[in-house]
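Asker: Just passing along the structure, written as C-alpha cells.
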Amino acid sequence: MSILAYHMVDKRFDWGITRVTPGQFTRQIEFARNKGYQFLSAKDYFESSDSKKIALTFDDGYESVHKYAFPVLQKHNIPATVFINPAFVGQLNTWDVN
C-alpha cells in the first residue's frame, strides 16, 4: 500500500525538493504499472485491502500538474487527487517562497 504525494511536475528547475520532471514522473508511473500496482482514487484506496495499490495525490494545485502530469494520467487511465489552496487560485505561490 502506497500513497505517492507530488507537488510539482515541471521541466523548469526549482530550488525546492518537491519537483519532479515530466520524464521522471512518466518513468515512475510506468515502473509501478509494470510491477503490477493498481492505481486507485484516494477514496477507493482506503476501502481496498489489495496490497499492490497506489493512490496519487498532488498538493498545492500547480498549473504544471495539469500541463505535464494529467496527460500521463489520462493516457494510463489513472485517477489522482489534487489538493488546491483556494486562496491562491490564479496567483503565484507566495506561500512557498523562501
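Asker: What's the extension gain from SER2 to ASP14 if we count 0.36 nm per residue and subtract their Cα-Cα distance?
Answerer: So the chain would gain 1.8 nm between SER2 and ASP14.
Asker: Match the structure shown to one of the listed values (1) 25, 16, 11; (2) 21, 15, 12; (3) 25, 19, 11 of semi-axes √(5λ) of the Cα gyration tensor in Å, computed from it, and give that label.
Answerer: (1)
Asker: Could you tell me which residue out of ALA69, ALA42, PHE88 lies farthest along the dipole of the chain toward its positive end? Charges go on the beta carbon: Lys and Arg +1, Asp and Glu -1, centred on the Cα centre.
Answerer: Farthest towards the positive pole: ALA69.
Asker: Also, I was wondering about something else. Hey, in the GNM for the chain with a 10 angstrom Cα cutoff, which one of SER49, SER41, SER64 fluctuates hardest?
Answerer: Comparing SER49, SER41, SER64 in a Gaussian network model of the chain, the most mobile one is SER49.
Asker: Moving to a separate point now. All other residues with a Cβ under 13 Å from the Cβ of GLY36 taken together, and with Lys, Arg as +1 and Asp, Glu as -1, what is their net charge?
Answerer: +2
Asker: Divide by every residue of the chain the summed helix terms, -39500 (n - 2.57) for each DSSP H run of at least 4, and state the resulting mean residue ellipticity at 222 nm, rounded to the nearest 500 deg cm²/dmol.
Answerer: Helix contribution divided over all residues of the chain: -7000 deg cm²/dmol.
Asker: Label-point separation (nm) for ARG27 and VAL82, each offset 7 Å from Cα along Cα-to-Cβ?
Answerer: Reported label-point gap for ARG27 and VAL82 is 2.5 nm.
Asker: So if each residue of separation counts as 0.36 nm, and I subtract the Cα-Cα distance between LYS75 and LYS35, what length gain in nm does that give?
Answerer: The span from LYS75 to LYS35 would gain 12.6 nm if fully extended.
Asker: What's the angle, to the nearest 10 degrees (0 to 90), between helix 22-34's Cα axis and the longest principal axis of the chain?
Answerer: Roughly 10 degrees between the two axes.
Asker: At a 1.4 Å probe radius, carbon and sulfur cover how many percent of the accessible area of the chain?
Answerer: 54 percent
Asker: With an 8 Å cut-off on Cα pairs and a minimum separation of 6 or more residues, tell me the relative contact order of the chain in percent.
Answerer: It rounds to 32 percent for the chain.
Asker: Would you work out the charge dipole size for the chain about its Cα centre, treating the Cβ of every Lys and Arg as +1 and the Cβ of every Asp and Glu as -1, and quote it to the nearest 20 debye?
Answerer: Using only the charged Cβ atoms, the result is roughly 400 debye.
Asker: Considering only protein heavy atoms, what per residue accessible area in square angstrom results for the chain with a 1.4 angstrom probe?
Answerer: 68 Å²
The values are calculated or read from the model by the stated rules, or taken from the named source; none is laboratory data. Note that the structure is a prediction, hence the values are computed from the model and not measured. Ideal geometry is used to build each Cβ from the backbone, glycine not excepted, and the neighbour counts take in all protein chains shown. With ligands, DNA and RNA removed, areas are computed over all heavy atoms of the protein, side chains included. Shrake-Rupley method; radii C 1.70, N 1.55, O 1.52, S 1.80 Å.
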